[in-house]
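The values are calculated or read from the model by the stated rules, or taken from the named source; none is laboratory data. Nothing here was measured: the structure is a model prediction, and the numbers come from that model. Please note: Cβ atoms are built from the backbone with ideal geometry, for glycine as well, and neighbour counts cover all protein chains shown.
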Amino acid sequence: MTTMHNKYKALLIDLDGTMYHGDSPIKGASQLITYLQEHKWLYRFVTNNSSATSEQVADRLNAMGIFAKAEHICTSAQATAHYITEQHSPNPPKVFMIGEHGLRTALVDAGIEITDENPDYVVQGIDKSFNYEKATKAITLIRAGATSIMTNPDLLLPANGGLIPGAGSIGAMLQASSGKQPIVIGKPSSILVQFALSQLGVEAHEALVVGDNMSTDIAAGVNSGCGTVLLYTGLTNANNKSYYTEQAGCDAEYIFETIQDFQQFLTNE
Ligand SMILES: [Mg+2]
């Protein structure tokens, strides 16, 4: 019998809008993860969020009843640390950072020195205490030759029932002021996806990227050569799908209304 498991070995699963909304798990999320565990699917939760550590993300999932260990999480912060370490090999890079605890932890854990003296990179993620002084320092260093890196391009984030500026909005300011385009790590860039694939030891064509957002999740899958699964569990639904498809400039391979429908597809195909 041909099943999806013959064609694909691994799933790269988005979190916000795919596994949960705020502090509420999406129906079927916990059952899907249990199913993947039982049927020996390889998977990673792949998140553009750089503010939380993988341990904190796992704790959050577990608190919602979705089983996760820190090793199941790939954050844009970890992918950033991995990417600049490889780029700068064999010497560890020096970094000026604008970001929060998750980004700092990922950089320090990778043996990267955080400094404002002659850094090789300016690494920028979301920073809720971002200010003019940090912006000035960052653009001065970028203009002096440091490579500009942005953990993720999200312009807006859901928070407390509204929206707040995301890492991409800070990045837009730095780009405008410095005149330098940053290297983007998070989805839709393939760098975060490549990091997750390398952790799992699978090729792009063996993995499905699963998410609710055409412009980030599905575009990242397409850009990386993975299969793509769009779920109508978050941002995208049948009514706005064509609008978001046009915005993303690419389309999803498979589309499901619910997580249960997707799990059924993995089971039956
Ligand atoms: Mg999402």
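Summary table below
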item	result
Residue satisfying condition, being in contact with a helix residue (DSSP H, G or I) (Cβ under 9 Å, 6 or more places away or on another chain), away from the ligand (no atom under 16 Å from the Cβ) and aliphatic (A, V, I, L, M), within set L36, L12	L36
D23 being surrounded by fewer than 21 Cβ atoms within 10 Å (Cβ to Cβ) and either among the basic types (K, R) or within 16 Å of the ligand (Cβ to nearest atom) (or both)	yes
Matching residues in the stretch 176-211 - criterion: being over 21 Å from A106 (Cβ atoms) and within 16 Å of the ligand (Cβ to nearest atom)	L208, V209, V210, G211
Boolean, Q78 is modelled with pLDDT of 95 or more and either surrounded by fewer than 17 Cβ atoms within 10 Å (Cβ to Cβ) or over 23 Å from P182 (Cα atoms) (or both)	no
Of all residues in the stretch 93-117 being exposed (fewer than 15 other Cβ atoms within 10 Å of the Cβ) and not acidic (D, E), the one that is nearest to the chain's Cα centre (by Cα)	H101
Residue check, D120 among the acidic types (D, E), touching a residue at least 24 places away in the same chain (Cβ under 8 Å), closer than 25 Å to D217 by Cα and surrounded by fewer than 23 Cβ atoms within 10 Å (Cβ to Cβ)	no
Residues within the stretch 159-206 that are under 25 Å from C250 (Cα atoms) and among the polar types (S, T, N, Q), tallied	6
Matching helices (runs of 4 or more DSSP H) fully within the stretch 27-105 where at least 2 residues are farther than 30 Å from K7 by Cβ	54-63, 76-88
Residue list for the stretch 202-223, restricted to those being touching a strand residue (DSSP E or B) at 6+ places or on another chain (Cβ under 8 Å), free of Cβ contacts under 8 Å to residues at least 40 places away in the same chain and surrounded by fewer than 24 Cβ atoms within 10 Å (Cβ to Cβ)	H205, V222
Matching residues, the stretch 212-240, being more than 15 Å from the ligand (Cβ to nearest atom) and either over 19 Å from A10 (Cα atoms) or not assigned by TED's automatic domain parsing to the domain that holds Y20 (or both)	A238, N239
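Yes/no per residue for (1) in contact with a Lys or Arg (Cβ under 6 Å, 6 or more places away or on another chain); (2) acidic (D, E); (3) more than 23 Å from N213 (Cβ to Cβ):
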site	(1), (2), (3)
P92	no, no, yes
V108	no, no, yes
D127	no, yes, no
N131	no, no, yes
N152	no, no, no
L156	no, no, no
